[in-house]
Every structure is written in C-alpha cells, then in structure tokens.
Amino acid sequence: MRIVSGMRPTGKLHLGHYFGVIENWKKLQEDHETFFFVADWHALTTAYKNTKDLQKNIRELMIDWLALGLDPEKSVLFIQSKVKEHAELHLLFSMITPKSWLEWNPTYKDMKYNLLKLQDIALQFRGGLRDAVKEFMGLIPYKIEDFEKFEERLLDDLAETFISALFEGEIEPQLLKNLNVSKRDFYETDTYGFLGYPVLQAADILIYKGEGVPVGEDQLPHIELTREIARRFNYLYGDTFPEPEAILTETPKVPGTDGRKMSKSYNNAIFFADTEEEVQKKVMKMFTDPQKLRKNDPGRPDICPVFMYHKLFTKDSDLIEQIDRDCRAGKLGCVECKRIMLQGLEEFLAPIRERRQTVERDIDKLIQIFEEGSQKAREKAKATMEEVRTAMNLK
Ligand code: TRP
C-alpha cells in the first residue's frame, strides 16, 4: 500500500505528536512505500500574515523527524512547496470541486460559526445602540423631521464604527475573550486559500496515488473529501486515482502535564527539544490525583496523568504494578512516584535529544536529505501530472 501523509510546520514536536502520529509513521515505513512531507503551503492557509518564522519552523520539524526515527532510506521525506506539481493538481481539482463540499467541511464551518458569532455581537450591539439613540432623541429639545431616517443613519454609522474597530483590533481583547470568540480565528481564515485547504490536501495525497493516509481523527473529513474528489475526477476523465483510506491513530496515549490533551497552546507539553532540566521541572509540576494531598493519602492511578506516563515509559511491568498498589494504599508519595517515572521518561528522551544534536550539527546534510526526498517526490508527481493532463485533454 502506498502511504502519504503530511504535517504543518507549526513549531517543535512534543510527546503528543510522537504517540499520536510519528510512532505510526515509523511502523508504516518498515513495510510500505511511504511519502511524508512538511506541509508548508498548508501552514500559509492560516498563518499567512507572519511568515517570519516559517523557515525556522520547517527546519525544526525536519530535525525532529530525523531525531525521532523517520528514515530517509525507508521513507521519501520532503517539503511540499518544493514539489510545484501539488499546486497544479490543486488548481485542476479546484475546477471540479463544488463549493458546497468545501463549505460543509467541519473545519471551515467552525470558522464560519465564529464569524456568525461576531456578527451576532455586532447585532446585539446595534440593539443596545437603538435604545440609546431613542433615549438621546427623547432628550433633545427640538424635533427632527424624518426622525426614522436620521436614527437609521446614526445607527448605521455607529455600527460601522464598532465593526471596523472590532476588525482593526481596537476593541478590548478582554471583551472578545469574555465573549469567547477569537477575532483572529475569523479574519485570518476567511480566505479563498483556507476554503480550499482540503483541495490542496487531496492534491497532496492523490498526486502520489496514495492509498493509505495515517492521520488523526480530526482529519477524517479531509480524507473523505479527497475520496470524493478522486471519484469525481475518475468519473469525468477516466480512471486515474485510487480512493485513499485514512489509517487512524488510536486515541492519544499521552496526556499533557496537566492531564488535558497535550498541546503547545495549553502550556502542558514536553518537547523533544527540551533539556533534561526543563523536562524535570515540568514533571515535578505535573498534576496528579487532586484528592491525594499528602504522601500518605491513597491515590487513584487510573485518573493520574503521571501513572499514564508510567505505563508508557516505565519499562519494568512489575514495578508499574507495585506503583499502582502502593499509590492506592497511600504508601507512595507523588514526588517519589514522579522521580521513578522521570527515569523511564529520560531513558526515552535522552537518545532522541542526542540525535537531535547530531542532526543539528550537520544542517547541510539535513538539507540534502530533504532535497533528495523532494527530487524523488517530484519524479512521481511529474508522472501523475502527465496522466492527468492527458486525461483532461490538456495536451
Ligand atoms: N491537514 C493535515 C494536518 O493538519 C496536514 C496535511 C496536509 C496532510 N496535507 C496532507 C495530512 C496530506 C495527510 C495528507 O494535520
């Protein structure tokens, strides 16, 4: 089975990325033809305003991939934007993709929802204004001809001012926060490119005639759309593309240090680029069973994030059982428990950290690896595009 997947370069990788995605990719590269790429164009569908860190983020991702064991001997590792054919196929797919398919896409709908919420706020504000204007009108000692029209115009002007202030960022961020909308979410992504995000993703996959796409659950709608685009293309121009299937990663096994989903934005992530000291600090601050206040209080390992880490990183299964028993019996304190866990975690992280440093020392080699990967990808992509153009009578 030919496997294709990509990752947006949004910064350093953490444990969640490894157990959610990379581990899966590593298994697949052992006995499948695998294409893995840095989706830098996809990063631009949202973060197009500030591209200052783009190259740095791409570089970090490349380093992490190699350090974590993606192997250029086994996988084609490359950078999306180095294979311009993706863009050509994206363009051709955009011709045959009904807009409604994209507008129903959940990611896009979320964004639209935020937009509607913003409009709602503006309307509510307008409602409040109406009352204020009425009151003001009642106070002035003279009569205005054509009162209705004047009121409308005043309202329009004020509403306009409010809305543009909202979008110019002049409204208190705290106000928006209270209202639970992110202004950025909206106006950063109300673009043609963002709407077409899944079309580009379909091109990424189908240009290699990918059959399996290892992704997280959040990507399922995108894979479904890829299948629909493949089907439509085949129907219109003849059998060209396979209908790829998602290869789901099981639910993430590793929570963040506070027990929630591990995420950079929650500030609960352990990064592969973290030093030993940083990791130690994070682990010592980790959340445990909130009912276990003192060393001798009995704890509940089944709800404790630290215990979940034990299951992943503590190699000795007898020791894990003992920890489970001692914690429940109130014989093991959290500090001691964390110390034991930290040993296993460090055993896992240390070699990765070391490989990171090795890779970082030879950036030229890193660049060459991805250059060669991009070259290999390009060959396959070129061949597919020949077929596509012929099928569409473009030559
Ligand atoms: N949308 C994917 C994500 O955010 C990244 C991606 C881009 C991708 N193109 C792809 C994944 C093609 C799989 C196949 O995670």
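What the table below lists for this structure:
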item: Scan of the range 190-221 for residues that are polar (S, T, N, Q) and either free of Cβ contacts under 8 Å to residues at least 60 places away in the same chain or near the ligand (Cβ under 8 Å from one of its atoms) (or both), ordered by number; result: Gln201, Gln219
item: Some residue of the range 235-245 being on the phi > 0 side of the Ramachandran plot, modelled with pLDDT of 95 or more and outside the structural domain of His310 (by TED's automatic domain parsing); result: yes
item: Qualifying position, being crowded, with 21+ Cβ neighbours inside 10 Å and under 20 Å from the mean Cα position of the chain (by Cα), among Leu13, Leu70; result: Leu13
item: Exclusive hit being within 16 Å of Thr288 (Cβ to Cβ), open to solvent by 100 Å² or more (accessible area, probe 1.4 Å) and not hydroxyl-bearing (Ser, Thr, Tyr), set Lys315, Lys365, Lys331; result: Lys331
item: Members of the range 1-33 found to be within 19 Å of Glu217 (Cα to Cα) and basic (Lys, Arg), listed by number; result: Arg8, Lys26, Lys27
item: Selection count where residues are touching a residue at least 40 places away in the same chain (Cβ under 8 Å), closer than 22 Å to Thr226 by Cα and within 13 Å of the ligand (Cβ to nearest atom), scope the range 1-15; result: 7
item: Residue list for the range 249-302, restricted to those being in contact with a Ser or Thr (Cβ under 9 Å, 6 or more places away or on another chain), open to solvent by 80 Å² or more (accessible area, probe 1.4 Å) and of a type in the set (A, V, I, L, M); result: none
item: Unmet criterion (only one of (1) surrounded by fewer than 17 Cβ atoms within 10 Å (Cβ to Cβ); (2) part of a loop (DSSP other than H, G, I, E, B)) for Gln343; result: (2)
item: Cβ pairs under 7 Å, 6+ apart, first in the range 224-243 and in a loop (DSSP other than H, G, I, E, B), second among the acidic types (Asp, Glu) and more than 16 Å from the ligand (Cβ to nearest atom); result: Thr240/Glu387
item: Residue selected from the range 16-50 under the condition assigned to a loop (DSSP other than H, G, I, E, B) and away from the ligand (no atom under 13 Å from the Cβ), by the criterion least open to solvent (accessible area, probe 1.4 Å); result: His32
item: Residue count, the range 207-218 (criterion: open to solvent by 10 Å² or more (accessible area, probe 1.4 Å) and in contact with a strand residue (DSSP E or B) (Cβ under 7 Å, 6 or more places away or on another chain)); result: 4
item: Test set (1) part of a helix (DSSP H, G or I); (2) under 30 Å from Asn57 (Cα atoms); (3) assigned by TED's automatic domain parsing to the domain that holds Cys334 - Ser265 fails condition number; result: (3)
item: Leu91 vs. criteria aliphatic (A, V, I, L, M) and either away from the ligand (no atom under 15 Å from the Cβ) or loosely packed, with under 15 Cβ neighbours inside 10 Å (or both); result: yes
item: Conditions (1) modelled with pLDDT under 95; (2) in a helix (DSSP H, G or I); number of the one not met by Leu66; result: (1)
item: Members of the range 222-247 that are within 13 Å of the ligand (Cβ to nearest atom) and surrounded by fewer than 17 Cβ atoms within 10 Å (Cβ to Cβ); result: Glu224, Glu245
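Per-residue answers, yes or no, for (1) at positive phi; (2) hydroxyl-bearing (Ser, Thr, Tyr); (3) in a helix (DSSP H, G or I); (4) outside the structural domain of Leu77 (by TED's automatic domain parsing):
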position	(1), (2), (3), (4)
Asp297	no, no, no, yes
Tyr309	no, yes, yes, yes
Gly330	yes, no, no, yes
Cys337	no, no, yes, yes
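The values are calculated or read from the model by the stated rules, or taken from the named source; none is laboratory data. No experiment lies behind these values; they were computed from the predicted model shown. We place every Cβ from the backbone using ideal geometry, glycine too, and count neighbours over all the protein chains shown. Accessible surface is based on the protein model in full, side chains and every heavy atom, while ligands, DNA and RNA are left aside. Shrake-Rupley method; radii C 1.70, N 1.55, O 1.52, S 1.80 Å.
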